[in-house]
Each structure stands twice: as structure tokens, then as C-alpha cells.
1. When you go through Val149, Val184 one by one, which is the residue that is over 14 Å from the mean Cα position of the chain (by Cα), among the β-branched types (Val, Ile, Thr) and at pLDDT below 95?
2. Return the only residue of Gly436, Gly397, Gly422 being surrounded by fewer than 16 Cβ atoms within 10 Å (Cβ to Cβ) and among the small types (Gly, Ala, Ser).
3. If I ask for residues that are of a type in the set (A, V, I, L, M) and more than 30 Å from Phe163 (Cβ to Cβ), which ones from region 304-349 would you list?
4. Applying the selection to region 83-117, what residues are at pLDDT 95 or above, of a type outside the set (Ser, Thr, Tyr) and within 17 Å of Leu179 (Cβ to Cβ)?
5. Would a scan of region 180-193 turn up a residue that is closer than 23 Å to Glu21 by Cβ and of a type outside the set (Asp, Glu)?
6. Considering only region 248-277, state which residues are of a type outside the set (Ser, Thr, Tyr) and closer than 26 Å to Phe13 by Cβ.
7. Taking region 408-422 as the search range and keeping residues that are in contact (Cβ under 8 Å) with a residue 40 or more places away in the chain and aromatic (Phe, Trp, Tyr), which one is nearest to Gly176 (Cα to Cα)?
8. Please verify whether Val370 is β-branched (Val, Ile, Thr) and within 30 Å of Glu186 (Cβ to Cβ), treating the condition exactly as stated.
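The values are calculated or read from the model by the stated rules, or taken from the named source; none is laboratory data. Keep in mind that what you see is a predicted model, and the values were worked out from it rather than measured. Counting neighbours? That spans all protein chains shown, and the Cβs are built from the backbone with ideal geometry, glycine included.
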Amino acid sequence: MTSGQPQGSILDFAFRHWSPERVFCRFVQRGETVPITFDQLHQGASAYAQAYRSQGLQPGDLVFIIMGHSPHLLHAFLGALLAGCVPSFLPFPSEKQDPAHYWETHRTLFRRTGARLIVTEARFEADLRRADPDRRLLLRESVRVADAVRLAPPALDPEAMAFLQHSSGTTGLKKGVVLTHRLVVEQAVRYAGMLGLGSADRIVSWLPLYHDMGLIACFILPLMFGVELILLDPFEWVYEPALLFRMAQAHGATLAWLPNFAFQHLCHMVDLETRYELGGMRAFISCSEPCKDETMERFLARFGPMGVRVDQLQACYAMAEAVFAVTQTPLGRPLDRVVVDRQAFQGSHRAQPPEPGAAALTFPVTGVPVPGLALRILDGERRPLPEGMVGEIAIAGPCVFSGYFGDAESGRCFADGFFLTGDLGFMTEGRLVVSGRKKDVIISRGKNYYAHDIELIAGAVAGVKPGRVAAFAVYNEASGTEDVIVVAERDPGAAGPDPVLVREIKRRLELELDLPVRARIVPARWLCKTTSGKVSRADNQAKYLAELKLAGDPRPGA
């Protein structure tokens, strides 16, 4: 590991591992596993760098990449770095998205950022040309990797922009996080040290590269440290989640990052009659969404017979604005939990131990800060709070960005040099506990509830499709407070009628959160999801209210 302040660019680190035979990635798609060596990666990147230059691109020009799962994703991104350009992955349109909405929001993004080139594939060409006829396109089918002459890595300024990381969502990709080579290197070196990342590690991932967890933890990190990557097709994994276990076993994987919903998906979908040997994994790291104690317990119970141990289940708090990791739990030790009094937490925002017999909430600890990062918990007036008090998480340090691309108002996201994350949490003994997001807090009858807690409980009801629940609030003028609405998709195999499911959802939430709700059961595929696969509460609230208005029904739910 590098000591002192890390020096150089992403490519400077990556080229330390370049060799003709060394495997960088085992690319998994449609039942085949294709090894890609560092030399083949270099050749593919060189082919794209030459294609960019032939298009007249100059260092610093922005390149958007919109492609499906293919080795060309890796080549196109690294080729931009070789050419001194600024790459940015964007999600491609899927069947779960409204095509008109997708192309409209992306046309706005292309024009606002002034992207010089969009790298795509033939199946998207017609739609792209209709969406933005003046934008220059490069089709991957036209790039001849086999004929490329390998280019030497350029001398890149560590303060130069390396790439843009865009937030995901169905309402448009609004913010481009500007990440320089220095920021990325600082993060990678510090985080790799926390993980004890070494040559014996192998990372297995199904995560899309347009998401910061997939891009940094499962592409940039292994690239910079020469760690072998097993990369799955995200869409294939959704339909066959056991693929992650099968590939982990086949290739001796040791690390995997998963959002909370992915742990749930594995528990729900993996057939226990097929055995996998998972004892060789160092860690399954819960990240991107709040880590839920119930989910970790279920994952351990279900896959313990396959070798999953309590010390393998870890948590990370991360965001693109810090390149990736903000905190990480120590690998090799069981995940710590904090039990707090439910009434004090919901009513006065205090995380204090419960009295004997009192209702309680359990939160997994999300770790200690990455070395060099400073954390504060702030109240509504942006004043620091002591340990045990819940407030907004703010961060500062050597891998925290300085602003969003083209946004002159980025300064409003900072207070006293600390970035305001919009997430809520508290500190305990120098460790962070993340409890939710400010925008996802529902205030009902003077108490605070987190939407993801409501969704987790409702999603565990038999007959509800796991992971397909949205909770949000609708203001009730008559009562002067917010009604909590739960919209849940029916599991195709559910036996009971909708009213029975509604009653059970309401009963469980009353029992576990002391929360009365209105619930509605909807058919499969009713709920809107973001480009990263999460249920979009805002879009589902809008869809729900629009349907009520169209039906002339003033009642928000049962």
C-alpha cells in the first residue's frame, strides 16, 4: 500500500499491473465466462482512444457512454481516460421505463452538459438521433478493437477531472458529481487500506457501472490495485440471482457489495436445494441503502448452511460526492448493533437505550470514517450535535468533491466546509449509524417514521412481492396531518384476496411501529423504479394521486 499522500492518476496506478497474461476481469454473460487480461483491456481502451481522436475530441471533452453489458463498456471508459477525455456512464433505456420520459430527460442532460460525444450501440442509434439529432454518436460496432495499436498512458494532471458520476432516478439525471484523479486516488488508497485489499482478493459484482458502487468498488478499485473482477450482467442477475453465488464459488471470490434490496432478493429467489460454498467470502458488504438488521439476520439464517458466517456480513456508508466510501465496518468482526428507545427516537430524535419492556428499534452500525474524513451530525440550524442525537450527516476530507458539474449554486450544499449529505444518523462511540434520508422521513401525529422501515415491514407480509412496496405521505386537510400510504404489489403466487393483505399490512405496522396506515394492493409492475433498481417514492406518490384524481376517488386508501 502506498504510504503518505498518494500520487498520480488512475491510469498511473492501473498501469502498474498491466501485463500480457494477467487477468483483470472474468466477463459473465449468457452462460459464458470470458477472461479479459490487462493487455486486452489496454488494447480495447486504445481502440476507443483512437476513435475519440478521429472524432476530433480534445482533452477535457465530455463523453457519455450508453451501452448494455459488454466488454466495450470497460474499453470505452478507459479509452476516454487514455485520450484525456472525461467519461460518464449513463443507464440505457429498459422495458421498465417510459421511453418518451427517458429520452426527454436525457436530451436535456446532453444539452446542459455540452457532451461532445455519445458512445452507444446500434440498437439505440435511431432513438438517440431522434432525441438529439445534433449530437455526435460513436457506435461500438464501428470500433475495431483487434486492429488497435496500444497507446502509452498520458501524463494526466491529478487535479484534472477524471470522470462524472451522475445520480440516478426516473425524474432525470440531475447532478453530475465532478471527480478529479486526485479525489479518486485518495479514496481508493484509503478505502483499500481499510479493506486490507490484496492480491488474493477477487471481487464478484452484478452492479451496473453507472452506479457509484459498481463503478468505484467493482471497477476502479480492482483496476487500480490489480484485483481480479468477476462481472455479471445486471439484468441476468435480477432474473437469476443465484448466479452471484455460482460465480463466487467457481472463481474463489472474496468480496461483494450489495444494496439491502439485493440481500432480500437473494433470500427470496435462491433455491436452497442447490448448494453453494460461500465460506471463502471475506465479506458481503451492505451499501447504497440503509443496512437493515432484519435483512442481515434473514440472509445469515438462510445461507448459513452454505458457509455464510456472521463475520462476513458488513456495512458501508457511501456516496458519489465522496467518490465512494465514507465509513466502513471492520472486516472479520461481526456487525455491531445499537438498540434505541423507539419513543425517544421518533419523538425527540434521541438514540438512547430503552427502558426494560419499552418498545425499541435496532440499527446496524455502519462503521468508522475512512481515514482523513471528518463527520459531523447537524441539527436543523446546521449546528453540531453530540453523540446520541439524530441529525443530518455532514462530511469533509481529502476525497470529498467540491461541487456539481455546471452548478454555480453547489455552495449551498456545504456548511463550514462540510458537505450536507441529506442523510440522517447519529454517532455512537465514534462510529456512525445511518438511520435514513431527510426527504424520506414521514411525520405523522408528531412522530418521525422512515419510509424504508415501513416498506420493509409491509414487504415481509405473505402475499406481498418482496422489494415491491412504496411508502409515502399524503396531507390530510381534515385531520391536519399526513396520512401514511402504503402501496404494495401482489406476489403472483399469493393465495389471499387483496382485503386480507391490506388488513395484515395495517396490523403489522400498528404492532411494530405503532403506525396507522392506509394501504392499497396493486398488480405486478405497477410501481415505478429508478434506473438503479430502487422503488421511486416520489414517482409512485405522483402516480397514485393521479389515479385517484382520474377515478374521482377522494379516498387515499383502505
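1. On the way: Val184 fails: at pLDDT below 95.
Going through Val149, Val184 in turn, just one is over 14 Å from the mean Cα position of the chain (by Cα), among the β-branched types (Val, Ile, Thr) and at pLDDT below 95: Val149.
2. On the way: Gly436 fails: surrounded by fewer than 16 Cβ atoms within 10 Å (Cβ to Cβ); Gly397 fails: surrounded by fewer than 16 Cβ atoms within 10 Å (Cβ to Cβ).
Answer to the check: Gly422.
3. Of the residues in region 304-349, the ones of a type in the set (A, V, I, L, M) are 306, 308, 310, 313, 315, 318-320, 322-323, 325-326, 331, 335, 338-340, 344.
Result: Met306, Val308, Val310, Leu313, Leu335, Val338, Val339, Val340, Ala344.
4. If we filter region 83-117 for residues that are at pLDDT 95 or above, which is where we start, we get 83-89, 117.
When the remaining residues are screened for being of a type outside the set (Ser, Thr, Tyr), the result is 83-87, 89, 117.
Listed by number, the residues that qualify are Gly84, Cys85, Val86, Pro87, Phe89.
5. Narrowing region 180-193 to residues closer than 23 Å to Glu21 by Cβ: none.
Scanning region 180-193 turns up no residue that is closer than 23 Å to Glu21 by Cβ and of a type outside the set (Asp, Glu).
6. The first filter runs over region 248-277 and keeps only residues of a type outside the set (Ser, Thr, Tyr), leaving 248-253, 255-273, 275, 277.
Those that are of a type outside the set (Ser, Thr, Tyr) and closer than 26 Å to Phe13 by Cβ: Ala248, His251, Gly252, Ala253, Leu255, Ala256, Trp257, Leu258.
7. Selected residue: Phe419.
8. Values: β-branched (Val, Ile, Thr): yes; within 30 Å of Glu186 (Cβ to Cβ): yes.
Considered against the rule, which asks whether it is β-branched (Val, Ile, Thr) and within 30 Å of Glu186 (Cβ to Cβ), Val370 comes out as yes.
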